[in-house]
Amino acid sequence: MKKNIALVMGGFSGEHDISINSGCQVYEALDKEKYNVYKIVIDREGWYQLTDNGEHIAVDKNDFSVNGVRFDLAFVIIHGNPGENGVLQGYFDMLGIKYTTCGFYTSALTFNKGYCNPVVRSFDVVNVAKSKLLYGDRPVDVDKLLEELTLPLFVKPASGGSSVATTKVKTREQLLPAIQEALQEDCQVLVEEFIKGREFDCGVMRTKSEKLVFPVTEIIPTGGHEFFDYEAKYEGFSNEVTPAEVEKEVSDLIQATSSKLYDLLDCKGIVRFDFIYDTEKKELFFLEVNTIPGQSAESIVPKEARAMGITTAQLYEMVIESSL
């Protein structure tokens with residue numbers, strides 16, 4: 001008997017449209033002969049099933065059903081709130097519905113960079129840049145901040161992805177406006193020292209029988225972009241080289257560190273770890289963990305899987321079967 005799979009997309013953040021794009025890509029890749037797949041959209045106006053002919057059918061939030069259909073699994077592809085921060089996971093836990101992502105605690109912890117960074121630092125397996133977590137309801141003392149941190153700095157929402165409202169700050173005058181911009185996206189802001197080096201990503205997932213550590217990808221911004229910002233990610237201003245053209249010892253270090261962090265943070269499903277490698281000091285720095293990485297055709301993890309000889313259809317089937 002075919003399992004009913006809820007492909008959950010959308011969300012409340014600035015990544016809503018990216019999530020829809022990812023969700024539709026996953027929907028196209030899934031084998032409808034094996035699974036009954038329902039596209040479920042969550043947004044502030046309501047939760048609904050999006051049918052192939054564009055019809056909206058309301059979701060009953062009491063038991064997460066559609067027209068009486070109950071789901072065996074939620075394939076969560078929401079980037080940001082409420083899919084990546086543990087909110088949906090807690091809801092599904094209460095309803096007894098299985099899902100494809102990390103649990104609610106890991107999701108909540110890793111979603112907030114200001115909380116996750118000290119935990120990762122405590123593992124003593126990778127460097128973490130010096131940073132300061134700011135709160136929107138408290139005044140900002142720029143001078144004191146610059147006594148603790150050294151320019152240039154990255155200013156970003158503590159909870160958010162896709163580099164939304166992320167700014168590289170080079171001068172004192174740029175700092176407060178960057179903080180105010182980030183506060184438009186989140187009530188907490190992370191101010192982090194800039195690490196000069198090469199940016200690398202590595203996906204990890206656990207199947208029913210093994211843990212897969214994917215080939216490493218290098219992110220090379222182009223078109224004048226100094227880092228992997230929103231435009232570089234989604235408007236073609238970057239080269240993403242998979243497998244990364246880097247010394248084997250560096251690639252091995254990134255994969256080994258990703259594998260350790262996956263276990264130490266108690267991750268589930270597909271997770272992507274982002275790093276900066278300081279080529280002068282020859283040191284690896286942790287940037288962040290994405291517990292629901294993008295799944296569009298050009299997203300990093302599907303590219304890494306294909307480089308490993310795994311098709312996107314096979315990748316998502318492994319996710320579903322291991323989660324069930």
* Structure fact -> Within the range 63-92, of all residues that are open to solvent by less than 20 Å² (accessible area, probe 1.4 Å), part of a strand (DSSP E or B) and in contact (Cβ under 8 Å) with a residue 12 or more places away in the chain, the one farthest from A313 (Cα to Cα) is V66
* To do: Pick out the one residue from V319, V301 that is open to solvent by less than 70 Å² (accessible area, probe 1.4 Å), in contact with a strand residue (DSSP E or B) (Cβ under 8 Å, 6 or more places away or on another chain) and within 15 Å of P215 (Cβ to Cβ).
  => V301
* For the range 73-87, name all the residues that are under 23 Å from L30 (Cα atoms) and over 9 Å from the mean Cα position of the chain (by Cα). => L73, A74, F75, V76, I77, I78, G83
* **Sole residue being more than 27 Å from D31 (Cβ to Cβ) and under 15 Å from the mean Cα position of the chain (by Cα), chosen from F123, F111** => F111
* Structure fact -> Those residues of the range 93-102 that are open to solvent by less than 20 Å² (accessible area, probe 1.4 Å) and under 25 Å from E288 (Cα atoms) come to a total of 3
* Looking only at residues in the range 137-150 that are outside any helix (DSSP H, G or I) and under 15 Å from P177 (Cα atoms), which one is least open to solvent (accessible area, probe 1.4 Å)? -> V140
* Structure fact -> Residue hits (the range 1-13; surrounded by fewer than 24 Cβ atoms within 10 Å (Cβ to Cβ), in contact with a strand residue (DSSP E or B) (Cβ under 9 Å, 6 or more places away or on another chain) and either of a type in the set (A, V, I, L, M, F, W, C) or at pLDDT below 90 (or both)) are F12
* Here are V241, V289: which of them is surrounded by fewer than 21 Cβ atoms within 10 Å (Cβ to Cβ), touching a strand residue (DSSP E or B) at 6+ places or on another chain (Cβ under 7 Å) and farther than 21 Å from E28 by Cα? -> V241
* **Criterion violated by E226 - all others in (1) modelled with pLDDT of 95 or more; (2) open to solvent by 80 Å² or more (accessible area, probe 1.4 Å) satisfied** => (1)
* Provide a single number: the residues in the range 245-277 that are buried (at least 16 other Cβ atoms within 10 Å of the Cβ) and either hydrophobic (A, V, I, L, M, F, W, C) or more than 24 Å from A74 (Cα to Cα) (or both). => 19
* Structure fact -> Note on the range 36-62: residues surrounded by fewer than 17 Cβ atoms within 10 Å (Cβ to Cβ) and touching a Lys or Arg at 6+ places or on another chain (Cβ under 8 Å) are N36, T51
* To do: Kindly state which strands (runs of 3 or more DSSP E) lie completely within the range 1-53 and contain at least 2 residues that are without any contact (Cβ under 8 Å) to a residue 24 or more places away in the chain.
  => 46-50
* To do: Inspect the range 183-198 for any residue being under 17 Å from the mean Cα position of the chain (by Cα), of a type outside the set (D, E, K, R) and closer than 30 Å to A6 by Cβ and give the result as yes or no.
  => no
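The values are calculated or read from the model by the stated rules, or taken from the named source; none is laboratory data. All of these numbers come straight from a predicted model, not from anything done at the bench. Cβ: placed from backbone, ideal geometry, glycine included. Neighbour counts: every protein chain shown. Ligands, DNA and RNA are stripped out before the accessible areas are found, and what is left, the full protein with its side chains, is counted by its heavy atoms. Shrake-Rupley method; radii C 1.70, N 1.55, O 1.52, S 1.80 Å.
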